[in-house]
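A short worksheet on the structure shown next.
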Amino acid sequence: MSYTTTIIFAGTSLLGACAGLVGCFAVLRRRALVGDALAHAALPGVCLAFLVLGYRSLPAMLLGAFVTGIAGIVCISTLRQFTRIKEDAAIGIVLSVFFGAGVVLLRVIMNSVSAGSKAGLETYIYGKTTSIALADVYLIGGAAVGCLAIIVLLYKEFQVVVFDSEFAGVQGWPAFLLDLLLMAMIAFAVVIGLPAVGVVMMAALLIIPAAAARFWTEQLWVMLAMSALMGAAMGAVGTTFSSRFEGLPAGPAIVLCGSVVFLISLLTAPRRGLLARLWSERKFRRRMARQRTLNVLYNVWERSHPEVLSFAMDDVLRRKSWTFDELHSALGALSREGCVSFQPEGRFAMTDHGLQCAAMAARGFRMWELFLTENAEASSGIADFDYRSLEERLPREMIAELEEKLKEEGRYPTIMRRDGFSHECN
């Protein structure tokens, strides 16, 4: 790896880590599009700084980008607070107006200024990682260290403001100032990244690592660490691909690498990933189908002679709107667990173990129905859970009370043992 490539590699990696850190707060505050608007709002500042000075000055253009970026944030807040415009519409208005103004100013510069002094200005739209110098690496590294230091020092305060800003205000914390500091950090990260990846790609560098990290964890500090690492990996891998394949711009390569990271997180994250959720939903549906089948079997057994454990499939089909194939599939699953056994002529028999499981299922469903009947106001919050959620969510005293009411109504499941004595299912 050449010296120039090493400098670019270090710069994009540090930029990705810095953007990943501050991007977490934008994503958690549901302000991901604010970062996008801020990146686009920075372009007029770059052009205005050039027009004022008449030549390219990186510090001046970054300062101009920071000022117009903050102005864009202020415009979004003003439109949201003092008009009926929703936040998403305000973001769209500010993004399009500021970016349009930047493109117009850039065209004015291209048409009126000598070619030598304006060279490279157009790279602020799409970025140009080859323009990263050692001084830029120091600047980006200092910004990353500064953001990390601020986050470490104010971690508890940022945590409260991000997840419950109203509570922070009630506690007397300067929630507005803390929120403003977060937005300033995002603005600063955007500004220092403009020369490298441009206004179009900078928004992706802010959002993608944080959104990908969110799939893997519920803890803020873990999300911050993972987002920073993913951002650094995006910059490193994207730069490596760009150096290996001639004609491949580094900015788009970095974003494409981030897209791969996001796709992997979306699919394979252990709790929030699509595959994990599909598997969890499949297990839930199978568990509910099992419990419903056992509940129906117990009801059929309860209405028959206690010693009878053999039934025709038609006995079940009359009580449940199943097809024969659906019932056969459900009984097949119970047969593999040792709960039922198939017999000739379309009949099946419940085993002692199956009867015990059926009684447990009936107990749970009846308690669930009784709870929802007596607590209608809670039905919307718990109706989507299976019956076992009651015992996980309700105190033992309420569970005991529900059991007593079922016993008083004569609906508490009992099982007839082989010795002729019935016992309750506990």
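The values are calculated or read from the model by the stated rules, or taken from the named source; none is laboratory data. Note that the coordinates shown come from a computational prediction; the quantities given were computed from them, not determined experimentally. As a convention, Cβ positions derive from the backbone with ideal geometry for all residues, glycine included, and neighbour counts pool all protein chains shown.
Here are the numbers:
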| read-out | value |
| --- | --- |
| Boolean, LEU28 is in contact with a helix residue (DSSP H, G or I) (Cβ under 9 Å, 6 or more places away or on another chain) and either at pLDDT below 85 or among the small types (Gly, Ala, Ser) (or both) | no |
| Of all residues in the stretch 148-161 being in contact (Cβ under 8 Å) with a residue 40 or more places away in the chain and not polar (S, T, N, Q), the one that is surrounded by the most Cβ atoms within 10 Å (Cβ to Cβ) | PHE158 |
| Subset of the stretch 1-31 (residues that are among the aliphatic types (A, V, I, L, M) and closer than 15 Å to MET201 by Cβ) | ILE8, LEU15, ALA19 |
| Residue in the stretch 341-353 that is exposed (fewer than 12 other Cβ atoms within 10 Å of the Cβ), modelled with pLDDT under 80 and either under 16 Å from VAL296 (Cβ atoms) or charged (D, E, K, R) (or both) present | yes |
| Elements of type helices (runs of 4 or more DSSP H) contained in the stretch 203-321, each with 2 or more residues being modelled with pLDDT of 90 or more, surrounded by 15 or more Cβ atoms within 10 Å (Cβ to Cβ) and not β-branched (Val, Ile, Thr) | 220-244, 250-268 |
| The stretch 335-360 residues that are free of Cβ contacts under 8 Å to residues at least 60 places away in the same chain and among the β-branched types (Val, Ile, Thr), paired with ones that are surrounded by 22 or more Cβ atoms within 10 Å (Cβ to Cβ) and in a strand (DSSP E or B) (beta carbon under 8 Å, 6 or more apart) | VAL340/PHE348; VAL340/MET350; THR351/VAL340 |
| Condition met for ALA90 (under 27 Å from the mean Cα position of the chain (by Cα), closer than 17 Å to ILE208 by Cβ and small (Gly, Ala, Ser)) | no |
| Yes/no for LEU43 being assigned by TED's automatic domain parsing to the domain that holds LYS128 and in contact (Cβ under 8 Å) with a residue 24 or more places away in the chain | yes |
| Qualifying residue in the stretch 134-147 (condition: of a type in the set (Asp, Glu), farther than 29 Å from LEU266 by Cα and either touching a residue at least 40 places away in the same chain (Cβ under 8 Å) or buried (at least 18 other Cβ atoms within 10 Å of the Cβ) (or both)) | yes |
